[in-house]
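Quick notes on the structure that follows.
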Ligand SMILES: NC(=O)c1ccc[n+]([C@@H]2O[C@H](COP(=O)([O-])OP(=O)(O)OC[C@H]3O[C@@H](n4cnc5c(N)ncnc54)[C@H](O)[C@@H]3O)[C@@H](O)[C@H]2O)c1
């Protein structure tokens, strides 16, 4: 059996592609799964230069039998999946009152059921092989906060958060760490389709950093969790979001109100000079 491999689902574009770039430089052979064959071929060609060992497989994570067969084929050739990034996901923006159950089924099929199938298949192999591993799931700040239009998407990501905790608890004794990363808005192909000018303006009002993230900023954290983080770090959800999830009362990021100081003492208010 081989030394094992690193796996990124949805590795052909966006955040997954940026994660793949970082893992391609690592010690483990890198396998990218994606359902977009053309994008996958491009990614493998670009990442596979410099003698790096990268391969792509056309896998739709929403198809359980395909996931099971693909995991079996990879493990037979390469050994256990020591680092798994469960990144493949799809989005939906639609008012709550217009959501259908089919919307939920479509989104959950990829974001939750597909992610679960990959996680379970990977974990089974790691438990059988011994020696531990690291699994990272892509959640979203939409799974931590109630965002307009995100009934199905947000619920799927909230489920990913809890699944991460359950998996972490059950797998910890096997030396398998399971964590989630919850990105805020990141400039990717998904966001270019989903975010209207009004959506963008709303995000920019609520992200303390005052900007969208770049795929590489999320990928740095994901790659660290997938390959180098201590196994003692498990069951956590790390928001990589320009401060969005930490936010409370927010003024315009660079607005005048934020610079105004007001002190309340014993029920009396007095304005204070800003130094
Ligand atoms: N971009 C953001 O702002 C943002 C924010 C929070 C969370 N996320 C999450 O991060 C992950 C990546 O998002 P992104 O913005 O890079 O998306 P993206 O659409 O830009 O890229 C996703 C990749 O996954 C692939 N994919 C989609 N469905 C698949 C399936 N069923 N099987 C295999 N591959 C599939 C696509 O072909 C594509 O290559 C998703 O889980 C998404 O929900 C993104």
- Query: With respect to the numbered conditions (1) buried (at least 22 other Cβ atoms within 10 Å of the Cβ); (2) in contact with a helix residue (DSSP H, G or I) (Cβ under 6 Å, 6 or more places away or on another chain); (3) part of a helix (DSSP H, G or I), which one is the sole condition not fulfilled by residue 182?
  - Reply: (3)
- Query: Do we find a residue being part of a loop (DSSP other than H, G, I, E, B) and closer than 14 Å to residue 141 by Cβ anywhere in region 186-203?
  - Reply: yes
- What about residue 118, is it near the ligand (Cβ under 10 Å from one of its atoms), farther than 19 Å from residue 191 by Cβ, without any contact (Cβ under 8 Å) to a residue 12 or more places away in the chain and not in a loop (DSSP other than H, G, I, E, B)? no
- Inspect region 121-131 for any residue being within 12 Å of the ligand (Cβ to nearest atom) and either over 21 Å from residue 221 (Cβ atoms) or assigned to a helix (DSSP H, G or I) (or both) and give the result as yes or no. no
- Over region 64-81, the set of residues more than 17 Å from residue 123 (Cβ to Cβ) and within 13 Å of the ligand (Cβ to nearest atom) is 66
- Task: Find the residue count for region 4-40, including only residues that are in a loop (DSSP other than H, G, I, E, B), more than 10 Å from the ligand (Cβ to nearest atom) and either farther than 18 Å from residue 216 by Cα or out of contact with any strand residue (DSSP E or B) (no Cβ under 8 Å at 6 or more places or on another chain) (or both).
- Result: 4
- Yes/no for residue 90 being within 14 Å of the ligand (Cβ to nearest atom) and outside any helix (DSSP H, G or I): yes
- Message: Kindly evaluate residue 47 against the criterion of being within 14 Å of the ligand (Cβ to nearest atom), farther than 30 Å from residue 152 by Cβ and buried (at least 17 other Cβ atoms within 10 Å of the Cβ).
- Response: yes
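Every residue, every condition in (1) surrounded by fewer than 18 Cβ atoms within 10 Å (Cβ to Cβ); (2) under 17 Å from the mean Cα position of the chain (by Cα); (3) closer than 28 Å to residue 84 by Cβ, yes or no:
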| residue | (1), (2), (3) |
| --- | --- |
| 187 | yes, yes, yes |
| 193 | yes, no, yes |
| 196 | yes, no, no |
| 201 | yes, no, no |
| 209 | yes, no, no |
| 213 | no, yes, yes |
| 218 | no, yes, yes |
- Which members of region 221-275 meet the condition of being at pLDDT below 95, part of a loop (DSSP other than H, G, I, E, B) and surrounded by 10 or more Cβ atoms within 10 Å (Cβ to Cβ)? 247, 250, 251, 252, 253, 255, 260
- Go through (1) away from the ligand (no atom under 14 Å from the Cβ); (2) within 26 Å of residue 148 (Cβ to Cβ) one by one and return the number of the condition residue 106 breaks. (1)
- Expected single match for within 9 Å of the ligand (Cβ to nearest atom) and either within 16 Å of residue 135 (Cβ to Cβ) or in contact with a strand residue (DSSP E or B) (Cβ under 9 Å, 6 or more places away or on another chain) (or both) among 84, 54, 61 is 61
- Message: Between a residue in region 146-174 that is on the phi > 0 side of the Ramachandran plot and any residue that is within 13 Å of the ligand (Cβ to nearest atom) and in a helix (DSSP H, G or I), which pairs come within a Cβ distance under 9 Å, given they are 6 or more apart or on different chains?
- Response: 149/199
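The values are calculated or read from the model by the stated rules, or taken from the named source; none is laboratory data. Because the structure is predicted, anything quoted here is derived from the model rather than measured. Positions of Cβ are backbone-derived with ideal geometry, glycine not excepted, and every protein chain shown enters the neighbour counts.
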